[in-house]
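**Q** Before anything else, here's the structure in question.
The values are calculated or read from the model by the stated rules, or taken from the named source; none is laboratory data. Computed from a predicted model, the values in this text were never measured in an experiment. Backbone-built Cβ (ideal geometry, glycine too); neighbour counts: all protein chains shown. The area values use the complete protein model at the heavy-atom level, side chains included, leaving out ligands, DNA and RNA. Shrake-Rupley method; radii C 1.70, N 1.55, O 1.52, S 1.80 Å.
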Amino acid sequence: MLILVVNAGSSSLKFQLLNPETEKVYARGLCDRINLGGIFKYINCLTEEEFTKNEPLASHQEAMELVLQTLVSPEHGVVESMDEVQAIGHRVVHGGESIRKAVLIDEEVEEVIKRIIPLAPLHNAAALAGIKACEEVMPDKPMVAVFDTAFHSSMPDYTYTYALPYEFYEEYHVRRYGFHGTSHDHVSTLAAEVIGKKREDLNIITCHLGNGSSLAAIKHGEVLDTSMGMTPVSGVPMGTRTGDMDPAVVKYLIDNNHDLTLEKLDKLFNKGSGVLGISGISSDFRDLYDAIEFGNDRARLAVEVFAYQVKKYIGAFMAVLGDLDLIVFTAGVGENAPRVRRDVLSGLEKFGIELDPQKNVSSVPGQINEISKEGSKVKVMVVPTNEELEIALKTYNLVKSLYE
Ligand code: ADP
């Protein structure tokens, strides 16, 4: 079965055509700068042909049409017709409170995604545009929506409730939702499989550390708590996002810096803060480590603040889980930066977390690696995330009965 995975952003549309049973990827790419003088990147994974070209891409629908034309084209294509593709899986960031798992898309689901737009204005509006675009160009193809928030929907009220007047929750749905759920779900499932246990029998902390970062405390297979909140800006510091911060900072800065407005601050907290804000040079850990080699003290500080906060969350999550079996690192930083993993876990030996320094530095990117010492009470693993594959698997599970 072939599944087309679509991840629509406000001005972009990423796609991947793959077989979830064999995990073989046929083609992938990106329509970028939609409605801004578009760029189309395409990789035919069967022939390894790659190209990037300028395309008008006036709308998500035009982008989708171009993707489909390319996938079936005699020159660049990977299938003869879209009849070979059984379903489409859409990444949707926010499912709000009512959607707790991946669902087949119908009018009602579209209505819910639309209703939730205020909670994730850029993301959910874009996802809806991607869904509508697919409906226009492939009206009869079954479609599934896979939500970033869904895996966290098991959180109990005492972990998702903010200590605000309760009416803000009742009237405006202000609460912790959590994000990166597809990734936390994927890597925790794989890690449990690799150690030959059921995820339901384990307590796991997953650390998705990328440009955006979040941790999840997974108790017996269900999320108990997660570091991101109502929006992805909270939790640990990230590439460009603040992470947790005293909300009084907002009024203080606006009172004291008359160039700042709420809109500017919101942008700064999301795009100009995190390790970029502290270092003043980059959101990319590779650049920060290079700068540290040249004695840049703010790069050193940025990396230390990040590792300290991740460690703090691990400590907090160990306490609320009560017992811990497994820590999983994933995403760009978690998979590729042994120094971050070392700094995050240093000093936790007394809690049964013993990193093997050699295994940590020789962990192979793109593979599952166990990096704890033989006999460490808590196992530590690096597991590559693959959100597209997880979306394709969830889509496959929901549509396969339609084809039996
Ligand atoms: P996103 O959240 O956008 O999906 P990724 O998970 O791809 O991001 O993570 C991207 C980040 O991973 C980069 O900004 C960089 O900080 C980090 N990264 C990637 N490769 C390395 C590496 N070899 N060493 C250290 N950090 C890395």
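**Q** Got at least one residue in segment 119-126 being over 23 Å from V174 (Cβ atoms), touching a residue at least 40 places away in the same chain (Cβ under 8 Å) and within 20 Å of the chain's Cα centre (by Cα)?
**A** No, segment 119-126 contains no residue that is over 23 Å from V174 (Cβ atoms), touching a residue at least 40 places away in the same chain (Cβ under 8 Å) and within 20 Å of the chain's Cα centre (by Cα).
**Q** Does N257 fit the bill of being within 16 Å of the ligand (Cβ to nearest atom) and either at negative phi or open to solvent by 60 Å² or more (accessible area, probe 1.4 Å) (or both)?
**A** No.
**Q** Kindly state which helices (runs of 4 or more DSSP H) lie completely within segment 282-391 and contain at least 3 residues that are open to solvent by 20 Å² or more (accessible area, probe 1.4 Å) and either away from the ligand (no atom under 12 Å from the Cβ) or over 30 Å from F15 (Cα atoms) (or both).
**A** Hits in segment 282-391: 285-293, 297-321, 338-345, 357-361.
**Q** Would you point out which residue out of V103, V137 is closer than 30 Å to L66 by Cα, modelled with pLDDT of 95 or more and in contact with a helix residue (DSSP H, G or I) (Cβ under 6 Å, 6 or more places away or on another chain)?
**A** None of the other options fit; the residue is V103.
**Q** Within segment 169-216, which residues are away from the ligand (no atom under 16 Å from the Cβ), within 18 Å of M230 (Cβ to Cβ) and open to solvent by less than 30 Å² (accessible area, probe 1.4 Å)?
**A** R175, Y177
Residue-wise test of (1) closer than 26 Å to E304 by Cα; (2) at pLDDT 95 or above; (3) of a type in the set (S, T, Y).
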position: A192; (1), (2), (3): no, yes, no
position: I205; (1), (2), (3): yes, yes, no
position: L215; (1), (2), (3): yes, yes, no
position: E222; (1), (2), (3): no, yes, no
position: T231; (1), (2), (3): yes, no, yes
position: V236; (1), (2), (3): yes, yes, no
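**Q** If you don't mind, another one. Take segment 120-150 and flag every residue that is of a type in the set (A, V, I, L, M, F, W, C), in a helix (DSSP H, G or I) and open to solvent by less than 30 Å² (accessible area, probe 1.4 Å).
**A** A126, A127, L128, I131, A133, C134, A150
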